[in-house]
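See structure below.
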Amino acid sequence: MSWFKFNKLIGVATAFIIIICNILIGRYFAPAGILMTPIVMAICTLIISLNGDKFNSWTHVTLVYLLLAINDIGIKLYAGGIHDFEGMGWINMMLFLGLMPATLLLAIGLKASKFVERTPILLFVALIAFHLYTFGDLGIERTYL
């Protein structure tokens with residue numbers, strides 16, 4: 001299913017710019033960047049996954065993960081406020097709310113019908129699990145006033 005068709009590198013650049021804008025909004029307008037995270041994640045996955053000009057499946061999944069990881073790391077490090085465990089809980093909740101439509105859009109974009117075609121989705125889940133294990137408490141006790 002390809003709803004639109006444009007150069008895949010333009011899609012990656014557009015998604016990256018959207019993520020950088022969300023991080024900047026999170027920095028200067030404190031709770032807005034955190035609250036917009038699920039929407040930004042869904043839009044970026046939509047731009048990459050439903051484009052007619054596609055990468056191969058493995059590159060596709062890795063790119064979507066990297067974009068979502070950049071957004072999460074940027075929000076955890078640069079969002080305004082005191083960085084305590086309550087805020088980390090909100091950020092992780094918004095991450096999970098964004099991962100639900102992102103995973104669905106990724107599966108639709110990959111058109112996985114056989115098990116071998118579904119293995120990139122398992123890679124995505126493994127990358128997200130690794131990301132949460134590695135960067136789960138990133139940014140705790142940083143203060144930006």
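The values are calculated or read from the model by the stated rules, or taken from the named source; none is laboratory data. The shown structure was predicted, so the numbers you read here are calculated from the model rather than taken from an experiment. As a convention, Cβ positions derive from the backbone with ideal geometry for all residues, glycine included, and neighbour counts pool all protein chains shown. Calculation scope for accessible area: heavy atoms of the full protein, side chains included, ligands and nucleic acids excluded. Shrake-Rupley method; radii C 1.70, N 1.55, O 1.52, S 1.80 Å.
Roll a 1.4 Å probe over the protein chains and send me the accessible area per residue for the range 8-136 in Å².
Result: 49 Å² of accessible area for each residue.
Do you know the relative contact order of the chain, to the nearest whole percent, from alpha carbon pairs under 8 angstrom that are 6+ apart?
32 percent
With just the Cα atoms of the chain, tell me how far they stretch along each of the three principal axes, in Å, largest first.
If we take the Cα atoms of the chain, the spans are 48, 28, 18 Å.
What range in the chain is the longest one free of trypsin sites (Lys or Arg not before Pro) that are in a loop by DSSP and have at most 14 other Cβ atoms within 10 angstrom?
Excluding the exposed sites themselves, the longest stretch runs over 6-110.
DSSP loop (so not H, G, I, E, B), at most 11 other Cβ within 10 Å: list which chymotrypsin sites (Phe, Trp or Tyr not before Pro) in the range 1-67 pass both filters.
Trp3
Take the solvent-accessible surface of the protein heavy atoms, probe 1.4 Å, and return the percent of it on the range 1-97 that carbon and sulfur atoms account for.
Using a 1.4 Å probe with all protein chains present, the range 1-97 comes out at 77 percent carbon and sulfur.
Hand me the GluC sites (Glu not before Pro) from the range 67-145 located in a DSSP loop with no more than 15 other Cβ atoms within 10 Å, in residue order please.
Listed in order of number, the matching sites are Glu141.
Taking the C-alpha atoms of the range 31-76, how large are the radius of gyration and the largest Cα-Cα span, Dmax, in Å?
So, for the range 31-76, Rg and Dmax equal 11.5, 36 Å respectively.
How high is the FRET efficiency from Leu104 to Leu138, r the C-beta distance, R0 22 Å, rounded to 0.05?
The pair Leu104/Leu138 has a calculated efficiency of 0.25.
List the lysines whose Cα lies under 24 Å from the Cα of Lys5, skipping any in the same chain that are fewer than 8 positions away.
Hits, sequence-local ones excluded: Lys54, Lys111.
Using DSSP H assignments, which helices in the chain have an axial alpha-carbon span of 20 Å or above and a mean Kyte-Doolittle hydropathy of 0.5 or higher?
Result, helices passing both filters: 8-28, 57-78, 85-110, 115-135.
Calculate for the chain the 222 nm mean residue ellipticity that helices alone would give, adding -39,500 (n - 2.57) per DSSP H run of length 4 or more and normalising by residue count, nearest 500 deg cm²/dmol.
Only helices count here, giving -25500 deg cm²/dmol.
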